[in-house]
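Taking it in order: structure first as structure tokens, then the write-up.
Derivation of every value follows stated rules applied to the coordinates shown; laboratory data play no part. None of the values given here were measured: they were computed from a predicted structure. Heads up, the Cβs are rebuilt from the backbone with ideal geometry, glycines too, and the neighbour counts pull from every protein chain shown.
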């Protein structure tokens, strides 16, 4: 399965079939015309490249199964040794001005992820939930109807990362820049202006968690 991600040259250099030095990554990016952007929150020169990433089957699976299937179907239950089920909620996280939600007390479905993938990323199953994106303000990073894996244990804002915020019954997914007196919620789609949340307004916003994985379909 292929997904597209913004990655730093250092992260790309650790991937298979890529140059193993930062300098080599920059040279390949220039040669192949990769899309790039300045890395937010980095002192001095910093850049990320938007590249396709092939996620091998032995790392992750997006197979949709129910919790009862895992318990009652002998064939599927065998997979419990290799997979964990991450709960998905009927929440549409707005990429624009906030999306209202309905009942989120129980998961509407589960996605199976390999335990190897969680171990590789240093994640705990209990910290992860899945929601769905709505809108186009975070394109090309996040597309409408993408599945977003949220790490609910990561609520301390770090410049340049994408977080899900909640205010009342509305949710947003935005890249963040932390200022002394405000948060700047940034859309990757440049036609949308940043949203400034001043210090005195921040109490009305809950940081649900950091977006740590994005999955979307390609083609028709």
Original post:
In nm, what is the difference between 0.36 nm times the number of residues separating residue 157 and residue 35 and their Cα-Cα distance?
Top reply: 41.4 nm
**OP:** Determine, for 164, 93, the number of other Cβ atoms within 10 Å of each Cβ, and report the residues in order from fewest to most.
**Re:** 164, 93
Original post:
What list do you get for 15, 138 if you sort them by fewest beta carbons within 10 Å?
Top reply: 15, 138
Original post:
If you take the beta carbon distance between residue 179 and residue 50 as r and set R0 to 41 Å, what does 1/(1 + (r/R0)^6) give as a FRET efficiency, to the nearest 0.05?
Top reply: 0.95
**OP:** Would you mind ranking 150, 51, 191 by Cβ crowding within 10 Å, fewest neighbours first?
**Re:** 191, 51, 150
Subject >> Efficiency of FRET between residue 20 and residue 145 - r from beta-carbon atoms, R0 35 angstrom, step 0.05 >> reply: 0.45
